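Here's the structure, in structure tokens; my notes come after.
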Amino acid sequence: MKWLRNNWQEIPGLVANHVTLSIPAIVFSVIIAVPIGRLAHKRRLIGGPVLGIASLLYAIPSLPLIIAILVLTGLSARSMWTMTIALTVYGVALLVRTSADAFAAVDKNVHDAAVAMGHSGMSVFWRVDLPLAVPVLVSGIRVMTVSTVSLVTVGALVGQSGLGWLLTNGFQRGIAAEVATGVIATALLAVILDGLVMVAGRLLTPWTVRRHRRGKPARVTRRSRGALA
Amino acid sequence: MNYISAAFGWLANSAEWRGSTGIPTRLAQHLITTGIVVGLALVISLPIGILVGHTHRGAGVVGAVAGAARAIPTLGLLTLFGLMWGIGLKAPILALVILAIPSALAGAYAGIQAIDPAVSDAARAIGMSELRIILQVEIPLGAPVIIGGIRAATLQVVATATLAAYIADNGLGRYLFHGLEAHNYAEMLGGAMLVIALALILEVVLAAIQRWVKLRVTNPRSSRRQQLHI
Amino acid sequence: MIEFQRVSKVYDGGTTAVADFSLVVESHRTVVLVGSSGSGKTTLLRMVNRMVDPTSGQVLIDGEDISRSRAVALRRSIGYVMQQGGLLPHRSVLDNVATVPMLNGVSRKQARTAALGLLERVGLSPELGKRYPFELSGGQQQRVGVARALAADPNILLMDEPFGAVDPIVRRELQDELLRLQAELGKTILFVTHDVDEAFRLADEVVVLREHAVVAQRGQASEILAAPADDFVRTFVGANQEGRTLTTHQVGGRTVAVDQAGRPVGILS
């Protein structure tokens, strides 16, 4: 606690750097993964291999990937892009499957009804399929956000700023309080960003919010059916 | 590009394949650590996950544990434990076990609770004991998802064991950290390639096992026929 | 007027849904295609708004080959009611009804005002307009589905088992409602069902389909009941079931209709 009292001024800057590293990767991951997921859902033949590649990418350990990106792209170890590329690879790998699931979860009947009413292809996507995929997408984006915030700390090992610096610096100097501060601050940041994504999801899908509020039985999912029994 | 050839040069150097810091030793350390950690994590998480899935009690706790664990930075847990227990294997093994539990736990829980309750009820109705229902009905039916959890846990441990080299003289991660300190790009990239290859091989093997088990569960006859042909 | 001219449909997998089907649906009439699953009746319906394009043959609307029209524009000019409503779950009831007019360029305000009138027309309180579809009962959802199909004031209404998912009492109410609406509006309705009773209740003309949309018999309900073309139709419409063959008895000066099991089912007036 003494360490925190003397060094708390450092933390806002580290948080800012941490956020600066996290947000672009999260945004890029969504922009890249959602169309791929939609494609994987629509074209089963492409879908299988795409999802396979995604799970392979996700299996690559973080530090080796960062090092490989560093060496192969020739980017500086301090460059934000090194981390952004690595984090986006993981984000996309994590989100592609959820995106495919999200579009698969859209009721075929509703999709057909929209087509029958005369929505054009793009219009069906933007006004029906995408909005209806949002609840599942948001659950995937939440998982991805938390994992991204946590992964940013690994960047400290190659000299990236952020809350990870508290972990490496604290370890090298033998200050447990500094490391603990880093762990807690990172977890808190993850929880806060997770909450923001959740709130954004609620705002985007008012029809599901009212369902929660009124406590009406929503469609029975497999999970809830199991829990009730 | 010359970094890649340098990395292959490092990998091909016979000196790197000998002694207590040689690739075979580091690989063995990496695998043994992974094996111990996954074993410990499974001993703890499988019974709990299966029980929660079977009774449908404590599902919220499992979800919360799995969610919260994702928010904890792995490097943070490793360095914190490293400071608490010093250099040695105790700190990384404990940290890695803690990190592996949520995936395995969530898999075991999800595998069991996703089973149609009518199936377990039917088993109960024909007079199976609860233990028998778990062992002979629920675990076999939930096996693909349970193994999915084990697969996720194993991959996470293999990956994080690389980071554990930051606090212990152990595993393939040493090449990465040594390379970083010495600005030895060949060693850094060579080590990275080793770890990536190991992780990808494990992923492919575990995915194949999971697919095979899934096939057995969803279509028992086809796999039996395959066995007969072998 | 809708004309099917020797249409066929073979799906990619090689399954034949429709083999050489021809039919003329005169304007302002209700034609019901009735058949069991696999009879290709939904495929036929979907050919009219180009959700399915025939492998061969043509579909004409008022003499025009629809394969030359833009699919999207065509669909906006045809009402479509499907099983389970197919309502957009993320839009309010009112917005669901207002969707097609808005796609056609009507202002939101105007479309909503018109939608309120349509809700009343199909027997729903305008207050329901603010709700989301999941907050309605199954029968109410189907009424919204009908209102939505009527919103662009189409000449043609396609109805794909629209009342299949509601319980028998509500189904009966909805059928009556449709008959009332049709008496007022005089649309050209092509209706698909597997329920013979529903077909007989609603249709000006019934078309009984066997596999691959081969016409087993067509005509008025009474004609089909009186003279089933063959054993398939006889079995399908249940002409030889006890409920369909009635005899009469004189009881106290009145004529009582009795089924084959001897149960009285009604009085002839």
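Summary table
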{"item": "Index of the failed condition, A:W3 passing every other in (1) surrounded by fewer than 17 Cβ atoms within 10 Å (Cβ to Cβ); (2) modelled with pLDDT under 90", "result": "(1)"}
{"item": "Tabulated pairs, the stretch B:205-221, first of a type in the set (A, V, I, L, M), second modelled with pLDDT under 80, C-beta under 8 angstrom, 6+ apart or interchain", "result": "B:L215/B:S222; B:L215/B:S223"}
{"item": "Subset of the stretch A:178-225 that is over 22 Å from A:G155 (Cβ atoms) and at the interface with chain B (Cβ under 10 Å from one of its Cβ atoms) - its residue that is modelled with the lowest pLDDT", "result": "A:R225"}
{"item": "Qualifying residue in the stretch A:145-168 (condition: touching a Gly at 6+ places or on another chain (Cβ under 8 Å), under 20 Å from A:K42 (Cα atoms) and of a type outside the set (A, V, I, L, M))", "result": "no"}
{"item": "Complete set of residues in the stretch B:24-56 that are facing chain A (nearest Cβ under 10 Å) and surrounded by fewer than 16 Cβ atoms within 10 Å (Cβ to Cβ)", "result": "B:H56"}
{"item": "Residues that are closer than 15 Å to A:V106 by Cβ, among the aliphatic types (A, V, I, L, M) and within 15 Å of the chain's Cα centre (by Cα), drawn from the stretch A:33-58", "result": "A:V34"}
{"item": "Filtered residues of the stretch B:88-118 (kept if over 24 Å from A:I184 (Cβ atoms) and within 13 Å of chain A (Cβ to nearest Cβ))", "result": "B:Y109, B:A110, B:G111, B:I112, B:Q113, B:A114, B:I115, B:D116, B:P117, B:A118"}
{"item": "Residue ID - nearest to A:P131 (Cα to Cα), chosen from residues in the stretch A:37-61 that are touching a Ser or Thr at 6+ places or on another chain (Cβ under 7 Å) and assigned to a helix (DSSP H, G or I)", "result": "A:R38"}
{"item": "Qualifying position, being part of a helix (DSSP H, G or I), more than 15 Å from the chain's Cα centre (by Cα) and touching a residue at least 24 places away in the same chain (Cβ under 8 Å), among A:L87, A:L65, A:L72, A:L94", "result": "A:L65"}
{"item": "Among (1) in contact with a Ser or Thr (Cβ under 8 Å, 6 or more places away or on another chain); (2) surrounded by fewer than 21 Cβ atoms within 10 Å (Cβ to Cβ); (3) within 14 Å of chain A (Cβ to nearest Cβ) - the single one C:S27 does not satisfy", "result": "(3)"}
{"item": "Hits in the stretch A:147-170 (condition: in a helix (DSSP H, G or I), farther than 17 Å from A:N6 by Cα and more than 9 Å from chain B (Cβ to nearest Cβ))", "result": "A:T148, A:G155"}
{"item": "Matching residues, the stretch C:114-135, being within 13 Å of C:E177 (Cα to Cα) and of a type in the set (G, A, S)", "result": "C:G123"}
{"item": "3 or more residues buried (at least 18 other Cβ atoms within 10 Å of the Cβ) and not aliphatic (A, V, I, L, M): qualifying helices (runs of 4 or more DSSP H) within the stretch C:90-177", "result": "C:93-103, C:138-150"}
{"item": "Residue selected from the stretch C:60-82 under the condition part of a strand (DSSP E or B) and either among the hydrophobic types (A, V, I, L, M, F, W, C) or in contact (Cβ under 8 Å) with a residue 60 or more places away in the chain (or both), by the criterion farthest from the other protein chains (Cβ to nearest Cβ)", "result": "C:L60"}
{"item": "Subset tally (residues that are more than 24 Å from B:L202 (Cβ to Cβ) and in contact with a Phe, Trp or Tyr (Cβ under 6 Å, 6 or more places away or on another chain)) for the stretch B:25-64", "result": "3"}
{"item": "Residue list for the stretch B:161-199, restricted to those being of a type in the set (A, V, I, L, M, F, W, C) and at the interface with another protein chain (Cβ under 8 Å from one of its Cβ atoms)", "result": "B:L163, B:I167, B:L176, B:F177, B:L180, B:M188, B:L189, B:A192, B:M193, B:V195, B:I196, B:A199"}
{"item": "Selected residue (criterion: farthest from B:H54 (Cα to Cα)) from residues of the stretch B:70-87 that are more than 18 Å from the chain's Cα centre (by Cα), more than 7 Å from chain A (Cβ to nearest Cβ) and in contact (Cβ under 8 Å) with a residue 60 or more places away in the chain", "result": "B:I87"}
{"item": "Helices (runs of 4 or more DSSP H) lying entirely in the stretch B:113-230 (those with 2 or more residues that are of a type in the set (D, E) and either under 27 Å from B:P73 (Cβ atoms) or in contact with a strand residue (DSSP E or B) (Cβ under 7 Å, 6 or more places away or on another chain) (or both))", "result": "B:185-218"}
{"item": "Hits in the stretch B:143-160 (condition: buried (at least 24 other Cβ atoms within 10 Å of the Cβ), of a type outside the set (A, V, I, L, M, F, W, C) and away from chain A (no Cβ under 12 Å))", "result": "B:G149"}
{"item": "Single residue of the stretch A:52-65 satisfying the filter (crowded, with 19+ Cβ neighbours inside 10 Å and among the hydrophobic types (A, V, I, L, M, F, W, C)) that is nearest to the other protein chains (Cβ to nearest Cβ)", "result": "A:A59"}
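Condition check ((1) at negative phi; (2) at pLDDT below 85) across all residues:
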residue	(1), (2)
C:A229	yes, no
C:R234	yes, no
C:N240	yes, yes
C:R244	yes, yes
C:H249	yes, yes
C:G252	no, yes
C:V256	yes, no
C:A261	yes, yes
C:P264	yes, yes
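Listed here are the residues, each with its yes/no results for (1) touching a residue at least 24 places away in the same chain (Cβ under 8 Å); (2) in a helix (DSSP H, G or I); (3) at positive phi; (4) among the β-branched types (V, I, T).
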residue	(1), (2), (3), (4)
A:T145	yes, yes, no, yes
A:Q172	no, yes, no, no
A:A180	no, yes, no, no
A:V183	no, yes, no, yes
A:L193	yes, yes, no, no
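The values are calculated or read from the model by the stated rules, or taken from the named source; none is laboratory data. Remember, predicted model here, so these are calculated numbers, not experimental data. When we count neighbours, we look across all protein chains shown, and the Cβ atoms used for this are built from the backbone with ideal geometry, even at glycine.
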